[in-house]
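Contents: one structure, followed by commentary.
What follows draws every value from the coordinates through simple rules; no lab data is involved. Model, not experiment: these values are computed from the prediction. Cβ coordinates were reconstructed from backbone atoms using ideal geometry, including for glycine residues, and neighbour counts include every protein chain displayed.
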Amino acid sequence: MQRPSSEIRSILAEMRTSRRSVFDDLLSVTEAQMNEEAQWAGGPMSVRFMFLRFPDHEEEHTLQIDGLLANGGFHQTPAQRILAAAEVTRGDLLATLVGLSDGDLDHTPEGEWPLRWTLAHIIQVERSYARATMHAVALFQASEPWDAPAPVEPEPEDGDLASFIERLDAAREAAIESLSELPNDALGAPSRWADRDVDVRFRLMRLAHHEREHTAHILKWRHQSRRVHTEAQHLLGLAWRARGVLNSHLVGAPDELLDRGPTNGDWPLRRLLDHIASTEHFLRNRILNAMPRS
């Protein structure tokens with residue numbers, strides 16, 4: 001697996017792992033159980049409310065983090081803003097996978113790909129786009145004409161769902177590590193895509209555009225396969241979408257901001273990220289404690 005290149009990226013990777021463990025415990029909550037009463041700091045609330053706190057709480061602190069980064073003097077470059085858009089679509093993609101299992105990977109509705117083909121394709125294209133982008137930039141910086149890069153190795157189509165998600169994570173970490181520091185002038189470097197002359201800016205934007213295309217593809221596949229989200233799974237998907245937005249603000253953020261205290265007395269970034277992760281465990285425990293005992 002690609003190792004995150006900064007401490008912030010490592011923390012975000014740990015947060016993903018922690019969240020997946022928390023959410024695995026909640027996937028089977030039924031619609032009827034959503035009306036159970038859970039204990040919250042402000043008094044008793046429905047389990048449904050507690051599920052909604054996952055995305056709501058994340059959004060609250062994302063706004064706080066956005067202000068903290070700006071006050072710390074961090075402003076994303078054009079390349080980082082484009083990669084930030086891909087982090088948003090990654091949250092959308094992860095939302096479509098909530099509630100699926102290994103047994104779903106080979107289900108093939110008429111005229112469609114099995115899920116494993118789609119996931120392998122998304123991973124391979126991300127790796128291919130990243131390589132093609134860096135190849136175009138290297139030629140541009142060497143004042144050499146564009147030529148085609150070497151193709152990436154085929155992405156394996158075997159494995160369980162967890163391994164596909166791990167490889168999605170690894171491909172994204174590799175892309176952000178290699179592309180987030182591209183200088184502004186490199187965005188105009190010539191490249192080719194689908195037999196069209198394009199520039200590197202267009203190629204970067206394809207990371208999000210291609211992912212959005214197949215997010216819609218998977219949603220269609222779920223409908224055809226009668227694997228629609230339960231209410232609990234839908235609300236957990238909203239949390240993954242909120243995580244994509246949070247991650248988008250942190251593309252390119254320097255590690256020195258992790259412990260820099262804001263002048264207004266708010267928490268530093270490290271404490272905010274730790275708080276988001278720990279609150280998810282708190283919410284999970286409150287939800288499970290509300291479930292009727294058999």
The FRET efficiency for Ala162 and Gln64, from their Cβ-Cβ distance with R0 = 35 Å and rounded to 0.05, is 0.65
Expressed in angstrom and rounded, the centroid-to-centroid distance over alpha carbons for the range 109-140 and the range 141-165 is 6
Each label sits 7 Å from Cα toward the beta-carbon; between Leu52 and His75 the label points are separated, in nm, by 3.7
If every Lys and Arg gets +1 and every Asp and Glu gets -1 at its Cβ, then about the Cα centre the range 100-228 yields a dipole, in debye to the nearest 20, of 480
One finds the C-alpha centres of the range 240-260 and the range 1-55 to be spaced, in Å, by 18
With the label point 7 Å along the Cα-to-beta-carbon line of Asp25 and a cut-off under 17 Å to each amide N, the hits in the range 201-243 are 233, 236
Measuring from the longest principal axis of the C-alpha atoms of the chain, the long axis of helix 161-179 (C-alpha) lies at a number of degrees, nearest 10, equal to 50
Between Arg196 and Asp106, Cβ-based FRET efficiency (R0 45 Å, step 0.05) works out to 0.85
Output row, site Ser178, 7 Å Cα→C-beta label point, backbone N cut-off 16 Å, window the range 195-227, residues 200-201, 203-208
Taking 0.36 nm per residue of separation between Trp117 and Gln141 and subtracting their Cα-Cα distance, the length gained on full extension comes to 5.0 nm
Per the helix-only model, the chain has a calculated mean residue ellipticity at 222 nm (DSSP H runs of ≥4, -39500 (n - 2.57) each, divided over all residues, rounded to the nearest 500) of -21000 deg cm²/dmol
The helix 115-141 Cα axis meets the longest alpha-carbon principal axis of the chain at an angle in degrees, between 0 and 90 and rounded to 10, of 40
Gyration tensor on Cα atoms of the range 1-152, a ≥ b ≥ c root eigenvalues, a/c under 1.5 rounded, else prolate if a/b beats b/c, else oblate, says oblate
For the range 134-186 the GluC sites (Glu not before Pro) that pass both the DSSP coil test and the at-most-13 other-Cβ-within-10 Å test are Glu181
Rounded to the nearest 0.05, FRET efficiency between Met291 and Glu256 (Cβ-Cβ, R0 41 Å) equals 0.40
